[in-house]
Amino acid sequence: MFDIEPVTLVLSLVIIALITSPFVIYKRKQSHKIKAQKLFMEQMESGSNLKFDHADSWRDLYYIGLDTGKKALVYVKFEPEKTAHQIDLSWATDIQLVKIERAVEIDGKPANVIDRLSLKIEISNEKKGAKILEFYDCDQFSDNMGEWPLIQKWEKLLKPIVKSNQIHHKKGVLN
């Protein structure tokens, strides 16, 4: 049978605790952060009387939700400061997927690397004229984790709403 010295056992347990404690602390911190974000979104949804038909969150940093009945889009970026946009899509005139990339050479072969992904929504009744919703920024993240299909999905969701606005605004101008 094995004999384990009490000193070795205690020392081993201390080392294991020291190694695992950062992971446990990080997990608890992330859990708390996600709960706070969900609570914020629930409060925003109920406070604005919105019901999101479509919603996505990614990287524990971004949230986007759409209430198609009220034509309202909510976009939140939680860090470094909490930035929230509530966009009335009934005034949206155009939507563009903005993809900024650069050419690089990998193993002697040319390739494109995405630097930024954003949705640009033109709003007719705003002085600034456009809202830019960031989906990916290479300065914050080292790689894409599904942002490209996600931004395409949201462009596809929002295009018909914007198109119907263009038709509606044209009819209003003609009358």
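The values are calculated or read from the model by the stated rules, or taken from the named source; none is laboratory data. This one's a predicted model, so the numbers in the text were calculated from it and none came from an experiment. Cβ coordinates were reconstructed from backbone atoms using ideal geometry, including for glycine residues, and neighbour counts include every protein chain displayed. Just so you know, the surface numbers come from the protein's heavy atoms only, side chains and all, with ligands and any DNA or RNA stripped out. Shrake-Rupley method; radii C 1.70, N 1.55, O 1.52, S 1.80 Å.
Structure data summary
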{"read-out": "Per-region count, the range 59-85, residues in a strand (DSSP E or B) and exposed (fewer than 14 other Cβ atoms within 10 Å of the Cβ)", "value": "2"}
{"read-out": "Positions within the range 91-129 being among the hydrophobic types (A, V, I, L, M, F, W, C) and either exposed (fewer than 14 other Cβ atoms within 10 Å of the Cβ) or over 19 Å from I64 (Cβ atoms) (or both), in sequence order", "value": "I100, A103, V104, I106, A111, V113"}
{"read-out": "Residue check, I25 open to solvent by 100 Å² or more (accessible area, probe 1.4 Å), at pLDDT 90 or above and among the β-branched types (V, I, T)", "value": "yes"}
{"read-out": "Given (1) more than 23 Å from I161 (Cβ to Cβ); (2) within 15 Å of the chain's Cα centre (by Cα); (3) open to solvent by 30 Å² or more (accessible area, probe 1.4 Å), index of the condition L39 fails", "value": "(2)"}
{"read-out": "Those residues of the range 42-55 which are surrounded by fewer than 17 Cβ atoms within 10 Å (Cβ to Cβ), in contact with a strand residue (DSSP E or B) (Cβ under 8 Å, 6 or more places away or on another chain) and either at pLDDT 85 or above or in a helix (DSSP H, G or I) (or both), in sequence order", "value": "E45, K51, D53, H54, A55"}
